[in-house]
Amino acid sequence: MGAYKKAVITDAGRALVARAVAGETEIRFSHASTSEYVYPDGTRFEEIETLEGARQTVLPADARVTDGTLVNVRAMFGNENILSPYMIQNIGLYAMDGEREILFAVSQAQVPDQVPAYNGVAPSSFIFNLCLAVAQAAEIRVTVDPAGTVTIQDILEIREQLRKTTETAEKAAGSLITGITIPVSGWKDLTYTIENAAIQADSIVHIGYAFDSVPAAQKANIRGRTEAGKLILVAKKVPAGDLAVDEILIQNLKGGV
């Protein structure tokens, strides 16, 4: 796996940032390129206007501002059209300045990745997340071409967002009872009743025992049933001690509260 230095924003890129912070324009990243050219030590990347030895060019997949001072741009390079292997010595990021395209930033390899020639069977992909330190990044708007490649990382992030949204929606559809204790003395004929107006006869109830109470609840083999306004717990034997419950989620799928 390669390693790359912190991206250097060029003079042209800094001028564009200044205008974006002033609200005069947005920053639209137009493409990213890889380069096999080895720049000599002491190169001032701030002054570079174009990337030497470019081998591949792609549309960025995503650009976003994080933490108010960072701009993250993601790009994926595949080897489907690579006939001879090469080393990724630099990654260049381009942006539009009006009608003119400029080299916005360059990241130089400390340990370059090698892009293999395509073998016709299993393609390889390299995903790069360029992290750009931009003062007042929260003040600017960054975009990419919507035709940019969606990466595997993008898909994983979307899945995670959907998972969180689903969990939130599930909880929003029901009621939550939190922080209760089921005392061992409260069991009558191996049953314990929890009363709550949100519970219906057809409610689905999820009980989350506190970690320390899980073994005792399992040994008691507790099951439950619902009636209007009641959750009735039934045990095979009385629990060995009081049971702490972190939360009880009540879901009413027919639209009740």
Original post:
Along the stretch 211-224, what does the Karplus equation 6.51 cos²θ - 1.76 cosθ + 1.60 (θ = phi - 60°) give for ³J(HN,Hα), rounded to whole Hz, x for Gly and Pro?
Top reply: 3, 5, 9, 4, x, 5, 5, 5, 5, 7, 6, 7, 10, x
Original post:
Between ALA18 and ALA54, what FRET efficiency follows from the Cβ-Cβ distance if R0 is 41 Å, with the result rounded to 0.05?
Top reply: 0.95
Original post:
Once every DSSP H run of n ≥ 4 in the chain is given -39500 (n - 2.57) and the sum is divided by its residues, what mean residue ellipticity at 222 nm do you get, rounded to the nearest 500 deg cm²/dmol?
Top reply: -5000 deg cm²/dmol
Original post:
When the chain is modelled as a GNM with alpha-carbon springs shorter than 10 Å, which of GLY229, GLY53, GLY68 fluctuates the most?
Top reply: GLY229
**OP:** Go through [x] 23.5, 81; [y] 22.6, 78; [z] 29.0, 84 and flag the label whose value is the computed Rg and Dmax of the Cα atoms in Å for this structure.
**Re:** [z]
Original post:
Just in the stretch 25-65: which chymotrypsin sites (Phe, Trp or Tyr not before Pro) are loop by DSSP and have at most 15 other Cβ atoms within 10 Å?
Top reply: TYR37
Subject >> Segment HIS206-THR69, extension gain: residue separation times 0.36 nm, minus the distance between their alpha carbons >> reply: 45.1 nm
Subject >> Lysine pair number, Cα distance threshold 29 Å (strictly under), the chain, separation 8 or more or different chains >> reply: 12
Original post:
Points 7 angstrom from Cα along the Cβ direction at THR191 and ILE127: gap in nanometres?
Top reply: 5.3
Original post:
How far, in nm, would the chain grow between ALA228 and THR43 when pulled straight, counting 0.36 nm per residue and subtracting the alpha carbon separation?
Top reply: 59.0 nm
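FYI, it's all coordinate maths here, none of it is from the lab. Here the structure is a predicted model, which means the values were calculated and not measured. Here the Cβ is made from the backbone with ideal geometry for all residues, glycine too, and neighbour counts use every protein chain on show.
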